[in-house]
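Nothing in this text is a laboratory measurement; each read-out follows from the coordinates by a stated rule. For clarity, every value in this text was computed on a predicted model and none was experimentally measured. Cβ coordinates were reconstructed from backbone atoms using ideal geometry, including for glycine residues, and neighbour counts include every protein chain displayed.
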Amino acid sequence: MIVFVDGDTPCRVSQRRATKTWLKSVAELHGCALGDVSIVSCSDAFLLKYNREYLDHDTLTDIITFDNSDGQQLSGDLLISFPRVYENAENQGVAFENELRRVMAHGLLHLIGFKDKDPKDQALMRAAEDQALQMFHVEQSD
C-alpha cells in the first residue's frame, strides 16, 4: 500500500489514485509487488538532516530512499524534498508534477534494486525512469 505523508512540508500530490496505480504497475513490470511504501514530503533542511545522519552526505538532494523490502515485496520510505523538486522542474523546464513523478519512480527503482553511483548505473536508472514516466502517460491517456 502506498501512503502520502506530510513530513515538515505539505504532501501536494495530484492524481493520487492514478499515481498509486502507476507505481504498482512499475513494480510489477520489474517482477515485484508493492508492500508498504510511504512517500514523505520534506523541506530541504529536513532532508539534509537525514542525508547527513544516515548517509554521511552533506549535500542537498531531491530524494532519499530507505529500503525495508523483503525479497520481491517492496517496502520503504521515499523522503522527497519538494523544494528541490520544484527547483529541478524549473531548471529543466518541466512541470512540477512530471518531475515529482520522476523522483517517485527513482525512489521506487532504488527499492527494486537499481543503483545510480556510476555513469553506467545512472544511464540504466534514467532509462528505467523514462520508461516509468511513459507508463504513467499511457495509463492516463486511456
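Below are the figures for this structure:
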read-out	value
Interchain or long-range residues, amide H under 5 Å from I63's placed H	S81
Relative contact order [Cα under 8 Å, 6+ residues apart], segment 2-141, whole percent	23 percent
Given (1) 21, 18, 16; (2) 25, 16, 15; (3) 34, 18, 13, the label whose value is semi-axes √(5λ) of the Cα gyration tensor in Å derived from this model	(1)
Per-peptide average of other Cβ atoms within 10 Å, ordering 53-65, 115-127 highest first	53-65, 115-127
